[in-house]
1. Can you list the residues, at least 5 places off or on another chain, whose amide H is less than 5 Å from the amide H of residue B:18, using H built in the peptide plane?
2. Taking chain A as the reference, fit the longest principal axis to its C-alpha atoms, fit the long axis of helix A:281-309 to the helix C-alpha atoms, and give the angle between the two in degrees, 0 to 90, nearest 10.
3. Between B:243, B:159, B:48, which gets the highest mean-square fluctuation from a Gaussian network model of chain B, Cα cutoff 10 Å?
4. Would you please give the FRET efficiency between residue A:248 and residue A:106, computed as 1/(1 + (r/R0)^6) with r the Cβ-Cβ distance and R0 = 30 Å, to the nearest 0.05?
5. Using a 10 angstrom cutoff on alpha carbons, build the Gaussian network for chain B and name the most mobile of B:251, B:140, B:274.
6. Using 0.36 nm times the number of residues separating residue B:46 and residue B:94, minus their current alpha carbon distance, what extension gain do you get?
7. Can you compute log10 of I(q)/I(0) for chain A with the Debye formula, treating each Cα as one identical point scatterer, at q = 0.10, 0.13, 0.16 Å⁻¹?
8. Got a sec to turn the phi values of region B:230-242 into Karplus ³J(HN,Hα) couplings, 6.51 cos²θ - 1.76 cosθ + 1.60 with θ = phi - 60°, whole Hz, x for Gly and Pro?
Amino acid sequence: MSSVADGAGDSYYGQPIIKQPVWTPEIPAYFFFGGLAGASAGLAYLSGEGPLARRAWATALAGAGVSAPLLIADLGVPSRFLHMLRMVKVTSPMSVGTWILTGFAAATTGATAHALTGRMPRTGAVCRPAAALLGLPLSTYTGALIAQTSVPVWHEARRHLPVVFAAGAALSAGGAATVLTAPEHAAAARRLVVMGAVAELCAVLAMEQHLGELGEPYGVGAAGTFKRAADVLVTAGAVTVAAWGRRSRGAAIAGAGAVLAGAACERFSIFRAGFQSAADPKYVVGPQRARLAVRRSAAAQAAAGRRSSA
Amino acid sequence: MTFTVRTYGPDDTPRKGFFTDTSICIGCKACEVACKEWNQIPQSMRGFTGKSYDNTVDLGANTWRHVAFIEQRKEMTFADGLVEHAALEQIAADTGLQTYQEGDGLRWLMASDVCKHCTHAACLDVCPTGALFRTEFDTVVVQEDICNGCGYCIPACPFGVLDQRQDDGRVWKCTLCYDRLKDDLTPACAQACPTQSIQFGELGDLRNRAEQRLAQLTEAGAEKAQLYLADEDDGVGGAHAFFLLLDEPEVYGLPPDPVDATRNLATTWTSAAVAAVGLGVALAAAVFGGRR
């Protein structure tokens, strides 16, 4: 999209055309913890029994426990958080996500109780797969949520954002499990760290390639700082975990800690980039002008075609 | 093709809306004042902005009507000025369209902006609580007793209309005077407009009127005159508040090709589903990949 510059000419005193979100840092923090919780539940379920599974279940429960308060704190009227459950609405990823998180939190509570105490086998049998399954959309719907807006860097990245968020969730779950589990039991977590890191770096690169000039806000200001921090932390952390994570608990904790910080930074980068692209009218007007130009030239060509055939 | 779902049964009413003819706006801001008074909206002091006569700046939680002022200067020689002056006098006499003033090459565009009450409203689509709803007049209204201030509608709106009220946390916007419509009254802004730049009525009537006015202005030489949001095939399915503009939309701070994000919802959800499955596969690969 080489159209951003076209929009720079005309604006109303440089005023933004769309409003910036009013969301506070609780929201990107939730993106991180929600993804961490969702993917941890999947990791725990697939790992079956054992130290890794128990720690991943605890991580999933902690993540879910942090998520709800973060979301409620961000509301303009926190006392009305139950209004979120008035309806189920497919056109609102926030509504769908609320139900996913509600179900996930309930299932994860049951699953973790079973995993840590060994009691309530029937509750565990139902809750474990339910939490693992709900954890998958919990990790990706947040990408759909911000894509379903008029913010250019989010809406135009609607194919990529859920993938970036899924990769980040895998990375975070792997990282948390690597930190918490002794190296001899954490092979799966280390593999997840490496896969998640590669996937996240590639997905972000693909997103930026797709956005082209429109993706500029990802590279500048606070968003750019967060992104560069994320790239360094994720790369260095994943390399550390892969190279020394099996032999040294210290290296595993340091590397996985860096990876966790990197995954959080990537969420904040995406979040801030949305504000930056909403604030400047050129990112809104440029692509729209380009769309109109294409439509108008197509219409003119059709009209010319009719004239020449007549 | 229209996608409007009519759900009000026998209580349904014709689609109502605004046609704002900016060519006859005189920038008096009576609409802003009437709106504030009727709807009891808190003050929104922005100070002296230096942006022509505009000290309101934009639409938001506490500004549901906003008059934009654009000063355009056109380069011209003395001789051009005389010729243009004579031509403009004639246009002004014939049509009531006065644009460049007195041969000095200054054109002052004024336009009263408002919530568009889109046929396909992104704010309404994304609202998770159902606080935003479609009225029997097909307008879009926020229920103040339901809104919990989640803020999703704010970046969803392609026009930047909605915003959160700082001291109360909820989102507020133009209701197209829902209370007045229920009593068969004209909305406050249209009632107060002294030049009928803001016209209220049934959408079909308004569109016919707008077409006629556009033809008149185009014939009189207003090259860039255009209807904005009057087309059912545009990205928001046409709006219940549409405009006759004398220049491109972005000059007035309006998006030239707004799109309801819900149009691309299938792609967005598909991507989220594919990513979720991919995550499941990656988790399985990580857990079982080492146990060959």
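1. Those lying under 5 Å, H to H, from residue B:18 are B:241, B:242.
2. Approximately 50 degrees, to the nearest 10.
3. The residue with the greatest mean-square fluctuation here is B:48.
4. The value I calculate is 0.20.
5. Looking only at B:251, B:140, B:274, the largest GNM fluctuation is found for B:274.
6. Between residue B:46 and residue B:94, full extension yields an extra 13.4 nm.
7. Reported log10 I(q)/I(0), two decimals: -0.60, -0.91, -1.23.
8. Couplings: 8, 9, 5, 8, 7, x, 10, x, x, 10, 7, 10, 10 Hz.
Computed from the coordinates by the stated procedures, all read-outs in this text should not be read as laboratory data. Please read all numbers here as calculations on a predicted model, not as lab measurements. Cβ: placed from backbone, ideal geometry, glycine included. Neighbour counts: every protein chain shown.
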